[in-house]
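Report on the structure given below.
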Amino acid sequence: MRRFDAIIIGAGQAGPSLAGKLTAAGLTVAYIERKLFGGTCVNTGCTPTKTLVASAYAAHLARRAADYGIVLEVAVKVDMRRVKARADTVSGNARRGVEKYLREMKGCTVFQGHGRFEAPDTVRVGGELLSAPRIFINVGGRAIVPDLPGVGQVPHLTNTSMLALDHLPEHLIVVGGGNIGLEFAQMYRRFGAQVTVIEMGPHLVAHEDEDVSEAIREILLREGITVRTSAECISLAPHEKGVSVGVTCLEGEPVSVGSHVLLAVGRRPNTDDLGLEKTGVATDARGYITVDDSLATNVPGIWALGDCNGRGAFTHTAYNDFEIVAANLLAGERRRLSDRIPAHALYIDPPLGRVGITEREARASGRPLLIGRRPMSRVGRAVEKDETQGFMKVIVDAETRRILGAAILGTGGDEAIHGILDIMNARVPYDVLEHAVPIHPTVSELIPTLLNELRPV
Ligand SMILES: Cc1cc2nc3c(=O)[nH]c(=O)nc-3n(C[C@H](O)[C@H](O)[C@H](O)COP(=O)(O)OP(=O)(O)OC[C@H]3O[C@@H](n4cnc5c(N)ncnc54)[C@H](O)[C@@H]3O)c2cc1C
């Protein structure tokens, strides 16, 4: 049995930085990672996909060159091997950076293998037994492979195997109209594939407002992507061209035939093979570890950070979990999970930046509201860039004058949304932002105008 001050299981987006703080405070840390340092984000999530999104944008802009008065004398060609190599390089550099950081960290011992609890203070990795009074779980999640009829009879892709492709599918069928599915759908369309998106629900990105999901649908349709919603009964079957996906839709053909199928219907936590039954750590029905406002589980000495606690599904939420735990344990602060204002982005082009609650949620709360809305066609910067699809919307509590939520679906929306996020985090009325003097010409400069044009609903 080897004893440490702390054990961290999983080198995702929370654990490595936590190891840095713990060792800097003089504690010894055993770090267990079973596969790729940096976890999902670095290896099979954010980093490679956003690198691919950038390549797809380059292809798209090249095809649109004439719109800007630029003459390309040859047709645009996409070299998928080079596109993939570029993503592999960016992702590989980040992965090696995380591994080097941990292996060179004074006070940190890295164990490569699958970690499994043997007792609430003991974890087995390979032939070694490690024990510590503090254990931090940062095991993340993986793609769900849904139990669809026929799923075992056809080869299917997930986000992980998609990223290993170095050729262009002739026709990619994406099952799932959420963030991950839509990002892959648009990038592969721009790389030159035919793409069909099949979504069970009536709207794409179901957690967003309907006006947002409808605008996203229009963006995708305009690029030639086929979108099938209300596909209540999806099934897969082999087909001479690849795969046939059965859909019961309100409209259109009952079957879509493609060469490849990507399953992007959600994720599940990596908690089923962690030996949690030996600890008494509580999980919910879907396997997410239950945590309190300080990320502590019900078992003293065990914390759960990142996607595996079900309280966030993003790199920035996992990283914020680290910040909360480190501040509370090492700096005597009392930071809370419930203080976090939710925010995320969808990296189609143009991107969607989102903060706070949706208009639907705000209306359901029964509060008096003020809402402002502006199409991107009335944003100078978007017009100048000839990227005018989408709109911005902000929702304000009419009594407290605080911003409740906002969406910017448009060029630069993933960056411009931060002005609103910052003012929400400052917990001040929207007037502070309305009176600011932003830089011209930017997308952000229209946010004060948007606030100036709020209307009661
Ligand atoms: C295609 C895709 C695109 C995404 N894009 C974005 C984006 O643009 N922005 C964003 O914010 N988020 C994005 N995400 C989500 C983001 O990747 C995750 O929210 C983030 O990686 C969660 O980090 P984590 O620390 O919880 O876990 P992870 O990053 O999943 O890391 C968990 C680590 O634990 C290890 N592990 C698991 N079990 C064990 C065990 N028993 N023993 C040892 N090691 C173990 C795993 O090998 C892994 O390395 C994307 C996800 C996907 C799939």
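Some points to look at:
- Among the residues of the stretch 441-452, not a single one is among the aliphatic types (A, V, I, L, M), more than 16 Å from ILE395 (Cβ to Cβ), surrounded by fewer than 18 Cβ atoms within 10 Å (Cβ to Cβ) and at pLDDT 95 or above.
- For GLU208, the requirement of being without any contact (Cβ under 8 Å) to a residue 60 or more places away in the chain, under 20 Å from the mean Cα position of the chain (by Cα) and under 25 Å from GLY45 (Cα atoms) is not met.
- From the list LEU352, LEU346, LEU370, the one residue that fits, being more than 28 Å from ALA318 (Cα to Cα) and either among the aliphatic types (A, V, I, L, M) or within 16 Å of the ligand (Cβ to nearest atom) (or both), is LEU370.
- Every residue from the stretch 227-271 that is surrounded by 19 or more Cβ atoms within 10 Å (Cβ to Cβ) and among the polar types (S, T, N, Q): THR229, SER244, SER256, ASN270, THR271
- Meets criteria (of a type outside the set (Phe, Trp, Tyr), within 16 Å of the ligand (Cβ to nearest atom), under 30 Å from VAL355 (Cα atoms) and in contact (Cβ under 8 Å) with a residue 12 or more places away in the chain) for ARG311: yes
- Residue in the stretch 241-249 that is under 15 Å from GLN194 (Cβ atoms), among the aliphatic types (A, V, I, L, M) and more than 16 Å from the ligand (Cβ to nearest atom) present: yes
- Looking only at the stretch 95-116, and only at residues there that are in a strand (DSSP E or B) and among the β-branched types (Val, Ile, Thr), the one that is farthest from VAL29 (Cα to Cα): VAL110
- Enumeration of residues in the stretch 91-116 that are within 12 Å of the ligand (Cβ to nearest atom) and touching a Ser or Thr at 6+ places or on another chain (Cβ under 9 Å): SER91, ALA94, ARG95
- Per-region count, the stretch 117-152, residues more than 22 Å from SER294 (Cα to Cα), within 16 Å of the ligand (Cβ to nearest atom) and assigned to a loop (DSSP other than H, G, I, E, B): 5
- Selection of the stretch 185-207 for residues being outside any loop (DSSP other than H, G, I, E, B) and under 13 Å from LEU52 (Cβ atoms) yields ALA185, GLN186, MET187, TYR188, ARG189, ARG190, PHE191.
- Residues in the stretch 395-418 that are in a loop (DSSP other than H, G, I, E, B) and not hydrophobic (A, V, I, L, M, F, W, C): GLU399, THR400, ARG401, ARG402, GLY410, THR411, GLY412.
- Flag for LEU182 being part of a loop (DSSP other than H, G, I, E, B), closer than 23 Å to THR51 by Cβ and either touching a Phe, Trp or Tyr at 6+ places or on another chain (Cβ under 8 Å) or within 16 Å of the ligand (Cβ to nearest atom) (or both): no
- Of residues in the stretch 389-410 being within 14 Å of GLU361 (Cβ to Cβ) and of a type in the set (D, E, K, R), the one surrounded by the fewest Cβ atoms within 10 Å (Cβ to Cβ): ASP397
The values are calculated or read from the model by the stated rules, or taken from the named source; none is laboratory data. All of these numbers come straight from a predicted model, not from anything done at the bench. Here Cβ is always computed from backbone atoms with ideal geometry, including for glycine, and neighbour counts include all displayed protein chains.
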